[in-house]
Structures are given as C-alpha cells and as structure tokens.
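Notes for the one structure printed next.
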Amino acid sequence: MAIIPQLSLFSWKEIEELGDLERLRLVIEYMPDEELMRLLEEKRGKGRDDYPIRAMWNSVLAGIVFQHDNVEKLRRELGRNGQLREMCGFKGKAVPPAWVYTRFFKKIVKHADEVDKIFDRLVEQLREILPEFGKHLAIDSKAISSFVKRQNKNQTADGRRDTDADYGRKEYKGITEEGRVWEKIIKWFGYKLHLVVDATYELPVAFKVTKASASDITEGHALLEQMEQRQPEILEIAETLAGDKGYDDTKLIEKCWDKHQIKPVIDIRNMWKDGEETQMLSVKDKKDNVVYNYKGNVYCYCPETNIRREMACGGFEKDRNT
C-alpha cells in the first residue's frame, strides 16, 4: 500500500484529492479512541473474537468516510474491497453479519460518554493547532430524517422500530424586494442536529442530537451549558456567536453577553403585529421626524424634502450596556 506523504495541516485541497482508503488511514491513525477500545475489549474479556473490537470500530469509521448511510451498504463495500478489510483489521474474506453490527452499535451506545470524550479531544487538538480557533462561533440546527416515514403505533423498544423520533416543523417567512410576502414550511419525521461551529474554519465545536420537535432556543441554552462544563476554554476566547432569528431570545442573548462577554450576532424576529414598516421614536420629546423599524435601525425625515435618511450609530457604551 502506498505511503501517504506528509500533508500540510488543513490544506483541504490535498485531503480531497486523496482516495477514500488514504483518507480512512488518516482518520484511523489520528482518532484518539484508545480508551474506548480498551474499555470495549475489557468488557468482551475472553469471549469469542471472530470480529475484533478494533476492526469493527474501524469499519464503522470507514462507513462514515465512504459515506454509507446504512450497514448493508458498508457490508457490500467490505465484501468487494479486500484492501478495506485489511485496513480495518478483518482477517481473510470474512465480513461481519448484520447482527454483529447491531450488537456492536448497542455496545457503543452504552458508552456514549466515551464517544463524546473522543469528540472533545479532537476539538481540543484543533484549538491547540489552529490560530484563533473558537474566536468566532455560529449556531444552527439541521433536520435529520428517520428511515421510518411515520410514527409506528407499536412503541415497544425491541430494536426493530424507531421509537425515539418524532415530527419536526420549520417555518420560513419574509418579504421580497418587490414587497411580496413569502412563506416556506418544512416538515419531517426524525431528529434534529444542533451544532455550534467555528465560523472561520467551518469545524464543529459542540453538538447535540434531539427529537425533531425540540426547540432551537431551548437547545441553544443547553449547548452553551454543555460548553461551560466541557469546553470552558473556548467560551473564554469566543468573541461572537452568530445565529438566525430562530435563536432570537432575550435570555440567550443576555447569557452570551452578561455571562461570557460574547457578542450575539443574531437576527431579530419581527414581533410587530400591525404590519407597519416604521414607528415614531418619541412623541413627547417632539421628535416627530425620527422613526425606527423592528430591527432597531433609526431614521430621520428631512423637514423640507421629507427624504428619509438612516441615522449614524453612536457606538456601544459598555458602562451603560447600550
């Protein structure tokens, strides 16, 4: 097998040009999973070892690198690719049956905390290597559809049906430049992935998987609390947190700024019910030519020409927090 030359760190062009086997080798070599492997091997003890723990784990990593979305696709790949079997650690032409993967995944789920530790170690390595990693963060969620199309009436957990998923719904609204109101509704049955990423390097910092119906705002709070416990160093160096209007929540904004001194760059929701574009700033102060919109932009109208101009921002006063 060809030796992989020394690669420049995070030169994505070089990584993308590598073949799947070479990229898999990089993943296997640099994955900090030794503690998990020893734990699983200790649990197995002196039992049968037809399909070694490390070989099974490496094949799961291969399924991710090769972008196989189910076990049967991975098994077919292992069956026709002898080099892949050898790299994973399987002896001969033996490919693990589907039930072996089912049992193995159940073991992994029991040690989900150890898998989280692997993720945290990788994030910590990135923080040590990449300049200003974690300085600018972004938060968002992504819909993940279940292989099951709808909820099963039988909710008995026996491994043959998805009993954790539920229905999710996202609504998108806006106004076009021509003034037309548009609305888009997305529905799915499954789960939701909540992510905090480094906005500069586009690499994950924290994650959480929930049912599809989970609120983005609620899980946004949960992700910050998770980072407080597991990645406080990143919260200390973070300067901004960007998010869409789904995270427009006063308590979340206050938590970012008051507790962590992180500037929340979060789009604001239009809470005005009357449909007006602007409102007068203050009648009692006799500034009847000054108006503002729901985003907080302030405008003044020229008394002579009635031309509207946006007023300049005076800056942020930390002492007054305004």
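Could we say that Thr218 is of a type in the set (Val, Ile, Thr) and either within 19 Å of the chain's Cα centre (by Cα) or modelled with pLDDT of 85 or more (or both) here?
Numbers: of a type in the set (Val, Ile, Thr): yes; either within 19 Å of the chain's Cα centre (by Cα) or modelled with pLDDT of 85 or more (or both): yes.
Considered against the rule, which asks whether it is of a type in the set (Val, Ile, Thr) and either within 19 Å of the chain's Cα centre (by Cα) or modelled with pLDDT of 85 or more (or both), Thr218 comes out as yes.
Scanning segment 21-62 for residues that are in contact (Cβ under 8 Å) with a residue 24 or more places away in the chain and not in a helix (DSSP H, G or I) yields Met31, Pro32, Asp33, Asp50, Tyr51, Pro52.
Is it fair to say Tyr201 is aromatic (Phe, Trp, Tyr), surrounded by 15 or more Cβ atoms within 10 Å (Cβ to Cβ) and either not assigned by TED's automatic domain parsing to the domain that holds Lys142 or not in a helix (DSSP H, G or I) (or both)? So Tyr201 passes the test.
Can we say Ala242 is more than 30 Å from Arg127 (Cβ to Cβ), in contact (Cβ under 8 Å) with a residue 60 or more places away in the chain and not assigned by TED's automatic domain parsing to the domain that holds Gly296? Walk me through how you get there before you give the answer.
On the way: more than 30 Å from Arg127 (Cβ to Cβ): no; in contact (Cβ under 8 Å) with a residue 60 or more places away in the chain: yes; not assigned by TED's automatic domain parsing to the domain that holds Gly296: yes.
Criteria not met by Ala242.
To keep it simple, each residue is scored yes or no on (1) at pLDDT below 95; (2) small (Gly, Ala, Ser); (3) part of a loop (DSSP other than H, G, I, E, B).
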{"residue": "Gly79", "(1), (2), (3)": "yes, yes, no"}
{"residue": "Gln83", "(1), (2), (3)": "yes, no, no"}
{"residue": "Gly92", "(1), (2), (3)": "yes, yes, yes"}
{"residue": "Val95", "(1), (2), (3)": "yes, no, yes"}
{"residue": "Val100", "(1), (2), (3)": "yes, no, no"}
{"residue": "Phe105", "(1), (2), (3)": "yes, no, no"}
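You will find that of Glu254, Glu228, Glu239, Glu276, the residue that is of a type in the set (D, E, K, R) and more than 27 Å from Asp319 (Cβ to Cβ) is Glu276 and no other.
Screening Lys117 against (1) out of contact with any strand residue (DSSP E or B) (no Cβ under 8 Å at 6 or more places or on another chain); (2) within 30 Å of Val265 (Cα to Cα); (3) in contact (Cβ under 8 Å) with a residue 60 or more places away in the chain; (4) assigned to a loop (DSSP other than H, G, I, E, B) leaves a single unmet condition, (4). The set of residues from segment 204-232 being in contact with a strand residue (DSSP E or B) (Cβ under 6 Å, 6 or more places away or on another chain), outside any strand (DSSP E or B) and closer than 17 Å to Lys135 by Cβ comprises just one member, Met227.
Given the options Glu128, Glu124, name the one that is within 17 Å of the chain's Cα centre (by Cα), among the acidic types (Asp, Glu) and farther than 19 Å from Ile64 by Cα. Steps first, answer last, please.
Values: Glu128 fails: within 17 Å of the chain's Cα centre (by Cα).
One residue alone meets the criteria, Glu124.
The values are calculated or read from the model by the stated rules, or taken from the named source; none is laboratory data. None of these values were measured; they are calculated from a predicted model. We place every Cβ from the backbone using ideal geometry, glycine too, and count neighbours over all the protein chains shown.
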